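Asker: Mind looking over this structure? Questions follow.
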Amino acid sequence: MVSVACAGPVVLGDTPARGDDLARFRQEFYDSLTARADALFELCDAVLCADGPVHSLVELTLVAEHRRGHGAMYDALACGRIEPQRLRRVLAGLPLPRGVDGRIVLAVDVSPWLRSDAPTSADRLFCHVYGRGKGNAQMIPGWPYSFVAALEPGRSSWTAMLDVVRIGPGQDATAVTAAQLREVVTRLRNADQWRAGDLPILIVADAGYDITRLAHVLAALPIELLGRLRSDRVLRGPRTLRTARAIGRPPRHGPDFALSAPGTWWAPAQTTVTDTTRYGRAVATAWDGLYPRLTHRGVWADHPGELPIIAGTLLRLQVERLPGDHDPKPVWLWSSVTGASAEDVDRWWRAFLRRFDLEHTFRLFKQTLGWTVPKVRTPAAADRWTWLIITAHTQLRLARPLAADLRRPWEKPARPGRLTPARVRRGFRHLRANTTRPAAAPKPGRPGPGRPPGSRNRNPATRHDVGKHATSTTTPRTDRG
C-alpha cells in the first residue's frame, strides 16, 4: 500500500490521520447541532459504543454513554436541528485517501431507505431493489439517498463519506447528482484538497447514471468521469473520411458501435492484459472517440441549436473468473477522457473495482450502525438520522489509527492501521473516554401527560401517495440504433 504524506500526520494504512482530528471533528459536529444538541450528540455516541449491531432506537437509550431517557431521544430526532452545510465543509477539510499517483477518487451511488409500510410518510419514491435471484428486481417505496465518498487505493472496506442528498419526488436523479458533485468538488477546492496543477479528480459511477450527460454538465470542473454502460447500448464512432467524388451533405455521425454485436466493432486503440490474483487474467480493450447520439427529447428538448457530441473512451473489461462465477460477462465502461494511454486504461478499470468498497459502507450503515432501523415518519427526521450515521462513520475512520485490535479468539490479527470499521467500533468506548465530550449532563425532568388513557386520536396523520422520479419528458434518452 502507498501512503500519502501531509503536514504533520501520523500515517497508518492508506489514509493519513492526525491524533487530534477526532477531537476536533467531535467539537465541530457538536457546534453544528443547533437544537437538541446534547441529546443528538449522545445518541451518536450510543451508536458508536453499543455492543453489537443496532436493532432499535430505544435500546440505544440503555447504553451508558446515552444519559437521557427515550423521550429525549425521540424528541431530538423529531425536533432537533443539524446544519448540513457546516458538516459538509468539515468533512471536506479532513484528511482524505488518495490514489497511488496522489489523485482523489470519488464514488457516487444511491442507496434506498425502504419504507414500504409507511403510508403516512411523505416524499417516498419507488426504489429499485435487487432480489436474491437473478432477474428478481423489485420496486419498493422508500427514500433514496445519493452518497458521495472518497475511495482508498487498495482492497479495503473503508471510504471517506463527503456528502449525502435525498432525492425527492419529481426530481431528476442525474440533475441532483450533477449539482451534488459540483458542490463537493467546490468544497474540496476551497479546503485546498485540490489545487491548480493537481491531477483531475476521478469520479466513478455504476450503471443507472447518464454518464455522458454528467460529463457535458460538469465539463468546466477539473474532473474525469467513469461510468458503467448497459451491454445493449449503441454508440457512434468518429466520422470517416469521404471520398473526393462524394456528393450531398456529409454525415454528422460515424458508424454504429453496438456493444452486443461484435461485428460492429473495429480495431481498438489500446489493449492491456493484467494477471490478478482474485480475477485471473484481466483483458481491457479501449476504443477512442465514441459517444451516444442524442435526440431532441427529454432533457435535450429545449437545447438550442445542434446537440453536442460528447466523445469519450469506451472500455471493455473481461476477467477470467469471479468469486462463485466461472463464466463472467464483460463489463463496459465509458470515460469522459479521449486519447487515453494504456496506463489510463488500467487505472480506470482498477478504480471501477474499488467503487464496490462503497457497498461495504452501505452494508455497515444498514446492518451494524442501524441506518434504516428507525421507523421515523418525516423525511426531515430521516435526514437527521442519516447525518448522525455519517458522523459516526467518520469518527470511526478518524479513530482508525488510534484503536486497538480487540479481536475475538477466532479472528485473525490485523496489521496496524488495517482494522475494519467493525473492529474500530468495538474499541471506540475506550477512545471516547480520552477525547472531547462537549455534551452537558442531563437535567431532571418529568414526562409529559400524553393522551389520556382510553381516548381516541382525533388528529390522525395525513396519508401520502408514493411519488415517482422525473417523467419521460424530463429524462434523457439516447439513440439505441
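Asker: Mind listing the phi-derived Karplus ³J(HN,Hα) values for segment 453-465, rounded to whole Hz, using 6.51, -1.76 and 1.60 with θ = phi - 60°, and x for any glycine or proline?
Answerer: Rounded to whole hertz, the list is x, x, 7, 8, 6, 8, 10, x, 5, 6, 9, 10, 6.
Asker: What's the long-distance tail for segment 252-386, i.e. % of Cα pairs beyond 23 Å?
Answerer: Numbers: 4980 of 9045 pairs.
Roughly 55 percent, once rounded to a whole number.
Asker: Further, regarding this structure: Only one of the values (1) 19; (2) 23; (3) 41 was calculated from this structure for percent of Cα pairs over 42 Å apart; name its label.
Answerer: Only one listed value fits the structure, namely (2).
Asker: For segment 247-365, calculate the relative contact order in percent as a whole number, restricting contacts to Cα pairs under 8 Å that are 6 or more residues apart.
Answerer: Relative CO of segment 247-365 lands at 21 percent.
Asker: Same structure again: Considering amide H positions built from the backbone, and no H for Pro or chain starts, which residues 5 or more places from Leu225, or on another chain, come under 5 Å of its amide H?
Answerer: Excluding prolines and chain starts, which carry no amide H, the hits are Ile203, Ser336, Val337.
Asker: Scattering from the C-alpha atoms of segment 92-149 alone, worked out with Debye: what is log10 I(q)/I(0) at q = 0.18, 0.19, 0.24 1/Å?
Answerer: Summing over Cα pairs of segment 92-149 leads to -0.74, -0.76, -0.94.
Asker: Shifting gears a bit: To the nearest Å, what is the center-to-center distance of segment 81-107 and segment 385-436, using C-alpha atoms only?
Answerer: 19
Asker: Given only helices, namely DSSP H runs of n ≥ 4 each adding -39500 (n - 2.57), what is the per-residue ellipticity at 222 nm of the chain, to the nearest 500 deg cm²/dmol? Present the calculation step by step, with values, prior to reporting the outcome.
Answerer: Working: 12 runs with 128 residues, N = 481.
Result for the chain: -8000 deg cm²/dmol, rounded to the nearest 500.
Asker: Here is a further query. Check which residues have an amide H placed less than 5 Å from Trp194's amide H, if you skip close sequence neighbours.
Answerer: Arg189
Asker: Please work out the average accessible area per residue across the chain, using the 1.4 Å probe convention, and give it in Å².
Answerer: Here the residues of the chain average 49 Å² of exposed surface.
Asker: Sticking with this structure for a sec: Under the definition of Cα pairs under 8 Å and six or more residues apart, what whole-number percent is the relative contact order of segment 378-436?
Answerer: About 36 percent, as a whole number.
Asker: Amide H to amide H, which residues 5 or more places from Ala340 or on other chains are under 5 Å from it, using H placed in the peptide plane?
Answerer: Here the answer is none, since no amide H 5 or more places off falls under 5 Å of that of Ala340.
Asker: About its Cα centre, what dipole magnitude does segment 410-472 give when the only charges are +1 on Lys and Arg Cβ and -1 on Asp and Glu Cβ, stated in debye to the nearest 20?
Answerer: 220
Asker: Using heavy-atom solvent-accessible surface (probe 1.4 Å) with all chains present, what is the largest-first order of Thr295, Thr462, Thr420?
Answerer: On the way: Thr295 35, Thr462 90, Thr420 60 Å².
Descending order: Thr462, Thr420, Thr295.
Asker: Residue by residue, what Karplus-based ³J(HN,Hα) values in Hz, rounded to whole numbers, does segment 279-294 have, using 6.51, -1.76 and 1.60 with θ = phi - 60° and x for Gly and Pro?
Answerer: So the Karplus estimates, Gly and Pro as x, are 10, x, 7, 10, 10, 10, 10, 10, 10, 9, x, 8, 7, x, 7, 8 Hz.
Asker: Select from Phe428, Val376, Val466 the residue farthest towards the positive end of the dipole of segment 355-481; place +1 on Cβ of Lys and Arg, -1 on Cβ of Asp and Glu, and compute about the Cα centre.
Answerer: Phe428
Asker: Pairs of Cα atoms under 8 Å, at least six residues apart: use those to get the relative contact order of the chain, whole percent. Could the numbers behind the result be given before it?
Answerer: Working: 868 pairs, mean separation 101.3, N = 481.
With pairs under 8 Å counted, the relative contact order is 21 percent.
Asker: Follow-up question, since we're still on this one. Can you compute the charge dipole magnitude of the chain about its Cα centre, using +1 on each Lys and Arg Cβ and -1 on each Asp and Glu Cβ, nothing else charged? Give it in debye, rounded to the nearest 20.
Answerer: The calculation lands at about 820 debye.
Asker: In debye, nearest 20, what is the charge dipole magnitude of segment 258-380 about its Cα centre with +1 on Lys and Arg Cβ and -1 on Asp and Glu Cβ, if you could check?
Answerer: Working: 15 positive and 12 negative charges, 136 e Å.
Here the size comes out at about 660 debye.
Asker: Of the listed peptides 189-202, 206-219, what is their order by residue-averaged count of other C-beta atoms within 10 Å, with the highest listed first?
Answerer: The peptides rank, most packed first, as 206-219, 189-202.
The values are calculated or read from the model by the stated rules, or taken from the named source; none is laboratory data. Please read these numbers as outputs of a predicted model, since none were measured by experiment. Positions of Cβ are generated from backbone atoms using ideal geometry, with glycine treated the same way; all protein chains shown enter the neighbour counts. The area values use the complete protein model at the heavy-atom level, side chains included, leaving out ligands, DNA and RNA. Shrake-Rupley method; radii C 1.70, N 1.55, O 1.52, S 1.80 Å.
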